[in-house]
Amino acid sequence: MGERFVVRSTIAVFRVLFLVCIAAGPLCCAARADDLKPRVIVFVHGIHGSRDTWRASNGAYWPQLIQTDPHFHQSDVVVAEYPTPSMRGALSTQKLAQILFERLQAQNVWQHREVVFIAHSLGGILIEEMLLNHPEDAAHVRFIVSYSTPHEGSFVANLASIYDSDPLLTDLRDGNDNSFLMDLEQKWRSTPSAASIHRYCAYETLDTSAGAGVGRYLGAHTRVVSYYSATYGCDTDTPPQRIPADHIDIVRPANRSADAYAFFASVYRNNPVIDEVDSVRDNRGPNLNVDCNRTNASDDLEVPVTLDPSLHEQVLSAQAEFADADNIRVTSPPTVTRIDPGGIAHISYAFKGRGRDLIFGCPAGHASILVHFTIRSEVPVKE
């Protein structure tokens, strides 16, 4: 009887989970590895958060708003979760960052060509710690948009740590003696794979009242993350966004017109999905002349190609051949010996004049060198 009950219960639970997954759509499960879009937008909640962190009081769910928005049709959407116990947790920031990485790995996030993050509070810190520990995967990340991430800590964490031993609160405490956050920022700026990632920031403008989530540590209305902490280290070409909300509601846009949603949409438009396109572009070197029975040779003939810096063009390879050749004998075919980053091919070659004959005498010869450049361009995709 007991075994039958267990079996029936297991089947019932499976059916419920199956129906929930269907109702939730692609947000519930990882995308198939063979059906990925070029970019993925990953939501990472903060301390004591969950999948419901992103749900507004009117029921609007930010990930779902993006998923059904045609302006983001080139992107998959993933909602990440990691364990954030309600009180007296035992996991450090470093441990949670590794857990987050492994869960994103299981959701096929790192198989996308581009990855972007929407982070709330602690989520922004975990993302930075994770990317520093995995530089190869960090190379896929275009930008991070952080909402009230305490880059310089929060005094609320100081207050909470008095009666809560969660190590996360120690990592998030406010003050010049927070070696964890100071070291994190220093590592980020000195690590090439991380320093190239854009960081955009939004900050709360309303106090948070005592209640659920981080509000459990408050005895009155309090600004959880200050303007300076929320915007420290962020890109200066895009001003920090003011959001008229408290620390909890800052990531709960009620519709696509809400400031939080509009800010991310603007950042997304300014950093469009990039399609890598390879093409062949030819360029011809100077005319090369040679007298009868003489040799024309070089170990370092330079043939450039024009690259478009706005498309971040780079030369992948180059091949060379003689063109318009007349009255010559090839002794060493054109060979590309190296390519400069600026798009200059260095070529070695040698040829001789055809030589004297009874009919034409001793004619001069000529040739040019044609170089076929294979170029990779980063072309923005219109959505």
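The values are calculated or read from the model by the stated rules, or taken from the named source; none is laboratory data. Quantities reported herein were computed from a predicted structural model and do not represent experimental measurements. Glycine gets a Cβ as well: all are built from the backbone with ideal geometry, and neighbour counts include every protein chain shown.
Among the candidates V156, V224, V214, single out the residue that is at pLDDT 70 or above and either small (G, A, S) or in the same structural domain as P83 (by TED's automatic domain parsing) (or both).
V224
Hey, can you tell me all the residues within the range 80-115 that are touching a residue at least 24 places away in the same chain (Cβ under 8 Å) and within 30 Å of V277 (Cα to Cα)?
The answer is F101, L104, A106, Q107, N108, V109, W110, Q111, H112, R113, E114, V115.
Taking into account only those residues within the range 23-64 that are aliphatic (A, V, I, L, M) and surrounded by fewer than 10 Cβ atoms within 10 Å (Cβ to Cβ), which is modelled with the lowest pLDDT?
It comes out as A23.
Scanning for something closer than 30 Å to V42 by Cα and assigned to a loop (DSSP other than H, G, I, E, B), does the range 307-328 turn up at least one residue?
yes
Being within 16 Å of the chain's Cα centre (by Cα) and either closer than 23 Å to I250 by Cβ or modelled with pLDDT of 90 or more (or both) narrows it down to one residue among S121, S86, S146; which is it?
S146
Given the conditions (1) surrounded by 15 or more Cβ atoms within 10 Å (Cβ to Cβ); (2) out of contact with any Leu (no Cβ under 8 Å at 6 or more places or on another chain); (3) hydrophobic (A, V, I, L, M, F, W, C); (4) under 30 Å from P272 (Cβ atoms), and given that A345 satisfies all but one, which numbered condition is not satisfied?
With respect to (1) surrounded by 15 or more Cβ atoms within 10 Å (Cβ to Cβ); (2) out of contact with any Leu (no Cβ under 8 Å at 6 or more places or on another chain); (3) hydrophobic (A, V, I, L, M, F, W, C); (4) under 30 Å from P272 (Cβ atoms), A345 is out only on (4).
Report whether or not P239 is closer than 16 Å to T208 by Cα and surrounded by fewer than 16 Cβ atoms within 10 Å (Cβ to Cβ).
Taking the combined requirement at face value, the residue does not satisfy it.
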